[in-house]
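Peer 1: Quick one: structure below, then a few questions.
FYI, it's all coordinate maths here, none of it is from the lab. Computed from a prediction, not measured in an experiment: that's the story for all the values here. Cβ placement follows ideal geometry from the backbone for every residue including glycine, while neighbour counts extend to all protein chains displayed.
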Amino acid sequence: MAENFTVSLSKIIQEISLNIVSMPCNPDEVLISSKDVNRPGLELNGFFKYYDTTRIIIIGNAETAFLNDCTAERRTEVLNKIFSAKPPAVIIARNLTPAPELLAATKQYQIPVLETSDTTSSLVAALVAYLNEELAPRVTRHGVLVEVYGEGILLVGDSGVGKSETAVELIKRGHRLVADDAVEIRRVSVETLIGQAPENIRHFIELRGIGIINARRIFGMGAVKMSEKLDMIINLELWDNQKIYDRMGLDNEYTELLGVKVPVLTIPVKPGRNLAVIIEVAAMNNRQKKMGYNGAQELLKHLGMDPDMMKQKATKLDLSF
C-alpha cells in the first residue's frame, strides 16, 4: 500500500516566503497532503461537484475581480460555502486586498490566510514544484550516491565491497558526495528520481578502520551536495572467475525504482582495479548514451559486422539493496 506523505503549512510559509494575514491555528499542525492547488473559479460560480478540499486555495487577479463584481450577499454566500468545507489554507497573490467577506468567512471557519507579492502564475509554479518534491513517493535504499561529471551515480553492493572508500576517492578527484549508507530516493516526476541523504546522517561517511568522518568538514563545501538526480546505478560485486562479464556494452541492464527505469552497470571488484577511474568513465559513457552515441555500436560498424548483431537487449535486474 502506497504511503501518503504530508508537509506542514509552516514549512510552506518559510519555503515560499509567505506573509501571514490571519493564522487562527498552529501552522505546524496544518498538514498539506495534495500536490495540486485550487484556483476556485468554478466554485465562485457555485459549481462544487469536483471541489477538492485538500488543496490550498489561490486567489489571484481574476478571482478578486470576480468577487468585486458580485453583491455582498453573493460574496458571503459563496465564500461561506467554500471555506465551510475546511480547505487547509488560502493564499492571496500580488498583495491584493481581500474582500471583507473572505476575511470574515476564513475567520469563522478558522482557515489560515496568507499573502505574497508574487504574481499568481509565479506563486502556483513555486508552490506546486515544492509540493511535488515534498510529497513525492519515496524509498530508502542502502548505497552511496555521488555526483560524477554531473551524473548522479548510486553505488550499491554487499557490505564491505568498497562503496564508501570509492566515494572518498571520487571526492578527492573533484566529485561530490550526496549520501552514504542510506539514500532517500524520491520520484518527482514520471521519469525523474532525486536522491538525498536523511538529514541526521547528511555528509557523514563510514570508513572501516577509521570510523565516521564528516566529508564536508574534511574536504570542504565543494565536496558535498544536498541532492542529485539519479541517472545510473553501479552494482559493485567481488570478482567471480566463473562469471562472464559484459565486455562490449551492447546489452542494457536496468532496474525499476518507484516505477522509473534506471540503467544498471555491474562492475567486478578485485585488487588493482581503480574503481574511481572506472566510475568516471562509466558516468561519461552514460551521458554519451543519453545523447544517442554508443561506442560499441560504432566499433562494430567499423568492423563491418552485421547490423543485427548490434541490436541491444534490455534486461531487467532485481537488485536487493
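Peer 1: Efficiency by 1/(1 + (r/R0)^6): what FRET value for Arg74 and Val128, r their Cβ-Cβ distance, R0 = 25 Å, to the nearest 0.05?
Peer 2: 0.25
Peer 1: Give, rounded to the nearest 20 debye, the magnitude of the charge dipole that region 58-145 has about its Cα centre when Lys and Arg contribute +1 at Cβ and Asp and Glu contribute -1 at Cβ.
Peer 2: Rounded to the nearest 20 debye, it is 300 debye.
Peer 1: Most exposed first by the Cβ proxy, i.e. fewest other Cβ within 10 Å, how do Lys270, Lys11 rank?
Peer 2: Numbers: Lys270 9, Lys11 14.
In increasing order of surrounding Cβ atoms, one gets Lys270, Lys11.
Peer 1: Fully extended, how many nm does the chain gain between Lys107 and Arg173 (0.36 nm per residue separation, minus their Cα-Cα distance)?
Peer 2: Residue separation times 0.36 nm, minus the Cα-Cα distance, leaves 18.0 nm.
Peer 1: On a 28 Å Cα-Cα criterion, which of the cross-link pairs Lys229/Lys301; Lys243/Lys289; Lys35/Lys86; Lys35/Lys289 come out too long? Working shown, then result.
Peer 2: Numbers: Lys229/Lys301 33 Å; Lys243/Lys289 26 Å; Lys35/Lys86 17 Å; Lys35/Lys289 33 Å.
Correct reply: Lys229/Lys301; Lys35/Lys289.
Peer 1: Give me the one-decimal nm value for the distance between modelled label points at Asp251 and Met291, 7 Å along each residue's Cα-to-Cβ direction.
Peer 2: Distance between label points: 2.8 nm.
Peer 1: Rounded to the nearest 5, what % of the DSSP beta bridges within region 138-316 are antiparallel ones?
Peer 2: Beta bridges within region 138-316, antiparallel portion: roughly 70 percent.
Peer 1: Same structure, new question: What order do you get for His142, His302, His203 when you list them from fewest to most C-beta neighbours inside 10 Å? Can you show the working numbers first?
Peer 2: Values: His142 14, His302 8, His203 21.
Lowest to highest Cβ neighbour count: His302, His142, His203.
Peer 1: Suppose every Lys and Arg Cβ carries +1 and every Asp and Glu Cβ carries -1, with no other charges. What dipole size does the chain come out with about its Cα centre, to the nearest 20 debye?
Peer 2: The calculated dipole for the chain is roughly 400 debye.
Peer 1: Taking 41 Å as R0, compute the FRET efficiency from the Cβ-Cβ separation of Ile218 and Leu96 and round it to 0.05.
Peer 2: 0.20
Peer 1: If I take R0 = 22 Å and measure r between the Cβ atoms of Tyr149 and Ile278 in this structure, what FRET efficiency does the formula 1/(1 + (r/R0)^6) give, to the nearest 0.05?
Peer 2: 0.95
Peer 1: I would also like to ask the following. With each label point set 7 Å from Cα along the Cα-Cβ vector, what nm distance links Lys81 and Leu42?
Peer 2: 1.4
Peer 1: Over the chain, what is the relative contact order in percent, taking alpha-carbon pairs closer than 8 angstrom and at least six residues apart?
Peer 2: Once normalised by length, the contact order is 14 percent.
Peer 1: Oh, and also: Counting helices only, and only those DSSP H runs with n ≥ 4, report the 222 nm mean residue ellipticity of the chain as the sum of -39,500 (n - 2.57) divided by its residues, in deg cm²/dmol to the nearest 500.
Peer 2: -9000 deg cm²/dmol
Peer 1: While we're looking at this one, here's another question. For P(r) over Cα pairs in 10 Å bins from 0, in percent, the choices are (i) 5, 22, 23, 17, 15, 12, 6, 1, 0; (ii) 6, 30, 37, 21, 5, 1; (iii) 5, 25, 33, 26, 10, 1; which was calculated from the structure?
Peer 2: (i)
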